[in-house]
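Student: Have a look at the structure that comes next, please.
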């Protein structure tokens, strides 16, 4: 589920007629001061972060003057939530609250319809007051029944003169959710004030991942659930995923530095959720800090695995690269082997890598990976499904220890190495890049490369040419990556596949 910040959700509620406190979002201390001055009087300053317990971490504070708001914003914008910086703060008027309600709408998957939760007390600790929560069904076409909402309001101590506005506000929650295809909308609390207003004092909203493309106005950069604003690498990875739908590529950054007392920061590359979790647990048991979570599964293309490896290795400070997934993946692991081998060669990998390639064609995949990576500065070892995550994590720890003792520096992102004919030789377009043909090929080299290309190329004397129409040839990027790797293992520099990774 793609999350919205509080201020974004409140903007949608306001557009639907549900009042929200006066204020605005600030990205600098000066902006915070200006907004506080415009609001006038006492204000609340709140970090915009996808986390609970903001107040406990000092992320909700009060200011009596614009200068105080500026000072608080300066301190808050220097905070981190987890490993990621706070980028925005919300400045709003302080409310003189009379009564609070809890209002939450979410999709009930079992009943296959939205469900409205209402409680006569809002604020923190609502989870511990489950017996006080009223459940109201919300048919998609009609929404919650007015009689049910008014029946609930009648049980509260709130002045009946405000019930019409409260009903309209609760109804607006449903309308916002339906219009924007939200999975959940929570207002905790919906308040009445002593001067007779009804306002949404807080708001959390998530949008269905699969509906995000229909709502570009929401400005959601990544249609996935993250606990922090997207990082540059997450944006690059998401863009790569959107351009190639062969299999999945999920990338999320977790840590940017090794935690105290751990052996180092590790780039993690999984395949399949459950097996990846087991593998990450095995790494943690060996006292490593995991830099990222990456999943390439669902029979990914070699190009997708290549790009995933490139993104992982764009993180500085790694002591090693660890790949391990379910071990029983129903996908051809040779494509993962080719993609990894290409990325490791281009970046001249200098840190140890342990890769578990369990699944279809695993024996061949391990052989490809290890042979293709011979001669790299870093040791690359391949393993099969019968090799447990615990065992290979222990082997990985041994390789990292040996690497550190040998004085190998932590990983630094670097430019890829490419043959000197890239940019000047003959090239042909493929999906997300191009294939360059070495103009120095002789007839024997061209013939052998064609044999290794899985019928994507043909040899005419010393010329190496596409063996099919351009549209079909463009889809053969995985076969051409395989050909490049196989040629390199055979001692031939016949061609090079250049793949775009936008933003890197």
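Student: Kindly provide the set of residues from the stretch 350-384 that are touching a helix residue (DSSP H, G or I) at 6+ places or on another chain (Cβ under 8 Å), over 13 Å from residue 323 (Cα atoms) and assigned to a loop (DSSP other than H, G, I, E, B), ordered by number.
Tutor: Selection gives 351, 361, 373, 376, 378, 379.
Student: I need the strands (runs of 3 or more DSSP E) fully contained in the stretch 134-217, keeping only those with at least 1 residues that are under 18 Å from residue 107 (Cβ atoms). Show your work before the answer.
Tutor: Values: elements: 134-137, 182-193, 198-200, 204-207.
Because the criterion is at least 1 residues that are under 18 Å from residue 107 (Cβ atoms), the strands (runs of 3 or more DSSP E) in the stretch 134-217 that meet it are 134-137, 182-193, 204-207.
Student: If you don't mind, another one. How many residues are modelled with pLDDT under 95, surrounded by fewer than 23 Cβ atoms within 10 Å (Cβ to Cβ) and at positive phi if we restrict to the stretch 328-365?
Tutor: Result for the stretch 328-365: 1.
Student: Considering only the stretch 435-450, I want to know if a residue exists there that is farther than 26 Å from residue 374 by Cβ and either in the same structural domain as residue 301 (by TED's automatic domain parsing) or crowded, with 16+ Cβ neighbours inside 10 Å (or both). Lay out the reasoning, then the answer.
Tutor: Quick first cut of the stretch 435-450, residues farther than 26 Å from residue 374 by Cβ only: 439, 443.
When the remaining residues are screened for being either in the same structural domain as residue 301 (by TED's automatic domain parsing) or crowded, with 16+ Cβ neighbours inside 10 Å (or both), the result is none.
Checked the stretch 435-450: no residue is farther than 26 Å from residue 374 by Cβ and either in the same structural domain as residue 301 (by TED's automatic domain parsing) or crowded, with 16+ Cβ neighbours inside 10 Å (or both).
Student: In this structure, does residue 502 turn out to be touching a helix residue (DSSP H, G or I) at 6+ places or on another chain (Cβ under 8 Å) and either buried (at least 23 other Cβ atoms within 10 Å of the Cβ) or at pLDDT 95 or above (or both)? Steps first, answer last, please.
Tutor: Numbers: touching a helix residue (DSSP H, G or I) at 6+ places or on another chain (Cβ under 8 Å): yes; either buried (at least 23 other Cβ atoms within 10 Å of the Cβ) or at pLDDT 95 or above (or both): no.
Here the answer is no, as residue 502 does not meet what is asked.
Student: Moving to a separate point now. Hey, could you check the stretch 387-409 for residues that are touching a residue at least 60 places away in the same chain (Cβ under 8 Å) and surrounded by fewer than 16 Cβ atoms within 10 Å (Cβ to Cβ) and say which is nearest to the chain's Cα centre (by Cα)?
Tutor: Checked the stretch 387-409; the qualifying residue nearest to the chain's Cα centre (by Cα) is 390.
Student: Please tell me if residue 239 is under 30 Å from residue 276 (Cβ atoms), at pLDDT below 95 and either out of contact with any helix residue (DSSP H, G or I) (no Cβ under 7 Å at 6 or more places or on another chain) or in a strand (DSSP E or B) (or both). Steps first, please.
Tutor: Working: under 30 Å from residue 276 (Cβ atoms): yes; at pLDDT below 95: yes; either out of contact with any helix residue (DSSP H, G or I) (no Cβ under 7 Å at 6 or more places or on another chain) or in a strand (DSSP E or B) (or both): yes.
Taking the combined requirement at face value, the residue satisfies it.
Student: Scan the stretch 211-229 for residues that are free of Cβ contacts under 8 Å to residues at least 24 places away in the same chain and either farther than 15 Å from residue 250 by Cα or in the same structural domain as residue 180 (by TED's automatic domain parsing) (or both) and jot them down.
Tutor: Keep residues of the stretch 211-229 that are free of Cβ contacts under 8 Å to residues at least 24 places away in the same chain, which gives 213, 216-217, 221.
Across the stretch 211-229, the qualifying residues are 213, 216, 217.
Results for (1) touching a helix residue (DSSP H, G or I) at 6+ places or on another chain (Cβ under 7 Å); (2) at pLDDT 95 or above; (3) at positive phi; (4) in a helix (DSSP H, G or I), shown as yes or no for each residue.
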site: 37; (1), (2), (3), (4): yes, yes, no, yes
site: 54; (1), (2), (3), (4): no, no, no, no
site: 62; (1), (2), (3), (4): no, yes, no, no
site: 68; (1), (2), (3), (4): no, yes, no, yes
site: 73; (1), (2), (3), (4): yes, yes, no, yes
site: 90; (1), (2), (3), (4): yes, yes, no, no
site: 103; (1), (2), (3), (4): yes, yes, no, no
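Student: For residue 436, which of the numbered conditions (1) within 20 Å of residue 492 (Cβ to Cβ); (2) in contact (Cβ under 8 Å) with a residue 60 or more places away in the chain; (3) touching a helix residue (DSSP H, G or I) at 6+ places or on another chain (Cβ under 7 Å) fails to hold?
Tutor: Every listed condition holds for residue 436 apart from (3).
Student: Further question: Considering only the stretch 1-22, state which residues are in a helix (DSSP H, G or I) and either in contact with a strand residue (DSSP E or B) (Cβ under 9 Å, 6 or more places away or on another chain) or within 17 Å of residue 189 (Cα to Cα) (or both).
Tutor: We begin by selecting, within the stretch 1-22, every residue in a helix (DSSP H, G or I); these are 6-15.
6, 7, 8, 9, 10, 11, 12, 13, 14 - these are the residues of the stretch 1-22 that are in a helix (DSSP H, G or I) and either in contact with a strand residue (DSSP E or B) (Cβ under 9 Å, 6 or more places away or on another chain) or within 17 Å of residue 189 (Cα to Cα) (or both).
Student: Of the residues 107, 47, which is within 30 Å of residue 254 (Cβ to Cβ), assigned by TED's automatic domain parsing to the domain that holds residue 121 and either surrounded by fewer than 23 Cβ atoms within 10 Å (Cβ to Cβ) or touching a residue at least 24 places away in the same chain (Cβ under 8 Å) (or both)? Show your work before the answer.
Tutor: Values: 47 fails: assigned by TED's automatic domain parsing to the domain that holds residue 121.
Going through 107, 47 in turn, the sole match is 107.
Student: Another question about this same structure. Only one of these conditions is not met by residue 288: (1) under 24 Å from the mean Cα position of the chain (by Cα); (2) surrounded by fewer than 24 Cβ atoms within 10 Å (Cβ to Cβ). Which number is it?
Tutor: (2)
Student: Another question about this same structure. If a residue must be out of contact with any helix residue (DSSP H, G or I) (no Cβ under 8 Å at 6 or more places or on another chain) and outside any loop (DSSP other than H, G, I, E, B), how many such residues does the stretch 247-296 contain?
Tutor: Selection size over the stretch 247-296: 8.
Student: Residues 334, 379: which one is over 24 Å from the mean Cα position of the chain (by Cα) and in contact (Cβ under 8 Å) with a residue 60 or more places away in the chain?
Tutor: Values: 379 fails: in contact (Cβ under 8 Å) with a residue 60 or more places away in the chain.
None of the others qualify; the one that does is 334.
Student: Being at pLDDT below 95 and surrounded by fewer than 22 Cβ atoms within 10 Å (Cβ to Cβ): is that true of residue 425 here?
Tutor: On the way: at pLDDT below 95: yes; surrounded by fewer than 22 Cβ atoms within 10 Å (Cβ to Cβ): yes.
Spelling it out, residue 425 is indeed at pLDDT below 95 and surrounded by fewer than 22 Cβ atoms within 10 Å (Cβ to Cβ).
The values are calculated or read from the model by the stated rules, or taken from the named source; none is laboratory data. Keep in mind that this is a model prediction, so the values were computed, not measured. When we count neighbours, we look across all protein chains shown, and the Cβ atoms used for this are built from the backbone with ideal geometry, even at glycine.
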